[in-house]
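Written below as structure tokens is the structure these notes are about.
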Amino acid sequence: MFEEGQYFAPIVTKGDGSVSVQLGEGHPGLEDPEYRERRDRIATAAAQWRPGDPAPLIDYTDAEHEVWRVVCADLHEKHREYACREYLDGKEAFGLAEDHVPQLHELSEALAPLTGFAYQPAAGLVPLRDFYGALADKRFWATQYVRHHSVPLYTPEPDVLHEVVGHGNTLADRRFTDLYEAAGAAARRVESDEALEFVSKVFWFTLEFGVVHESDGLKAYGAGILSSPGEIEEFRHMAIRPLDLADMGTTDYDITHYQEVLFAASSFSQIQDVVGGFWDTCTDDSIAALKVAA
Ligand code: NLE
Ligand code: FE2
């Protein structure tokens, strides 16, 4: 996903409707003209997309397909070892190709009978309220570019691998999509920016970076861990706190490296009860009360 407050490269829309992606200092693709041209082309296609259209077809290059293969091959065994059961069920149902970058529009067609979710292309920053609000309509804003080939194991930027391998496998399972939809409804219900920020932090520490205890150890269910072959090997060594709404909603995080603080649920049903229940019912007032308690 691509949301406010997270790492994102700003975009500039030119007079002819084309988009230029402003990669920042230190970005691995900054000195790679070919990569920058790809980023601009893919962002331009998203900027020209209109609601109701299928996501644009991207002519992925051999080099981009190769990055997809490298990451999927690396994650293949790691998911078996470190991903939670519900994610593995979604992955099996979704049946994602591991040998080429899939097109978002095909994935939306595959998700339709499973959960009804569909992808829509993001050129760049999607404001928080739009990003989450769309989830209430089973719409998931997603980027389509591929991370730079020099950093296959981890990128702070949400790329198509994150959107599809991380989120897509969860968008294929109703136990997850109920949570996404509840987060979307919460984002539409709350009025203040403070309450929206709290909702988004709970999202960050759960659907993006959540972990859950299973009988054979701690497993990941957050898309940000599940799309990173590097971070997925490290999350068990981070500071693991118990699932706590007030703590999650008020803890700051740094998006540019592996998450050092993670919140562990005792079971998937605790996530459904506590986090899903929170998003189902939260209001500006109930969130203000949680912040006082934090
Ligand atoms: N760090 C993740 C990855 O490398 O796939 C992306 C996280 C986006 C929030
Ligand atoms: Fe994400």
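Summary table below
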| read-out | value |
| --- | --- |
| Residue count, the range 197-221 (criterion: free of Cβ contacts under 8 Å to residues at least 60 places away in the same chain, within 9 Å of ligand 1 (Cβ to nearest atom) and closer than 21 Å to Asp89 by Cβ) | 1 |
| From Ala43, Ala73, residue being among the small types (Gly, Ala, Ser) and free of Cβ contacts under 8 Å to residues at least 40 places away in the same chain | Ala73 |
| Every residue from the range 157-197 that is within 15 Å of ligand 2 (Cβ to nearest atom) and more than 17 Å from Ile271 (Cβ to Cβ) | Glu157, Pro158, Asp159, Val160, Leu161, His162, Glu163, Val164, Val165, Gly168, Ala187 |
| Residue selected from the range 36-90 under the condition farther than 30 Å from Ser266 by Cβ, modelled with pLDDT of 95 or more and of a type in the set (Gly, Ala, Ser), by the criterion nearest to ligand 1 (Cβ to nearest atom) | Ala73 |
| Matching residues in the range 206-223 - criterion: being among the aliphatic types (A, V, I, L, M), buried (at least 24 other Cβ atoms within 10 Å of the Cβ) and within 11 Å of the chain's Cα centre (by Cα) | Ala223 |
| Residue within the range 230-242 that is of a type in the set (Lys, Arg) and within 30 Å of Ala73 (Cα to Cα) present | yes |
| The lone exception for Phe140 - which of (1) crowded, with 18+ Cβ neighbours inside 10 Å; (2) assigned to a helix (DSSP H, G or I); (3) of a type outside the set (Ser, Thr, Tyr) it fails | (2) |
| Residue that is within 16 Å of ligand 2 (Cβ to nearest atom), in a helix (DSSP H, G or I) and among the hydroxyl-bearing types (Ser, Thr, Tyr), where the choices are Ser286, Ser269, Ser228, Ser200 | Ser200 |
| Residue check for Ala43: assigned to a loop (DSSP other than H, G, I, E, B), surrounded by 11 or more Cβ atoms within 10 Å (Cβ to Cβ) and of a type in the set (A, V, I, L, M) | no |
| Failed item in (1) buried (at least 19 other Cβ atoms within 10 Å of the Cβ); (2) of a type outside the set (Val, Ile, Thr); (3) within 16 Å of ligand 2 (Cβ to nearest atom), with Tyr253 passing the rest | (1) |
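Here's the yes/no breakdown for (1) of a type in the set (Val, Ile, Thr); (2) within 13 Å of ligand 1 (Cβ to nearest atom); (3) part of a helix (DSSP H, G or I); (4) in contact with a Cys (Cβ under 9 Å, 6 or more places away or on another chain):
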site: Leu114; (1), (2), (3), (4): no, no, no, no
site: Tyr119; (1), (2), (3), (4): no, no, no, no
site: Tyr145; (1), (2), (3), (4): no, yes, no, no
site: Gly168; (1), (2), (3), (4): no, yes, yes, no
site: Thr177; (1), (2), (3), (4): yes, no, yes, no
site: Glu181; (1), (2), (3), (4): no, no, yes, no
site: Gly184; (1), (2), (3), (4): no, no, yes, no
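The values are calculated or read from the model by the stated rules, or taken from the named source; none is laboratory data. Given the structure is predicted, the values throughout are model-derived calculations rather than measurements. Counting neighbours? That spans all protein chains shown, and the Cβs are built from the backbone with ideal geometry, glycine included.
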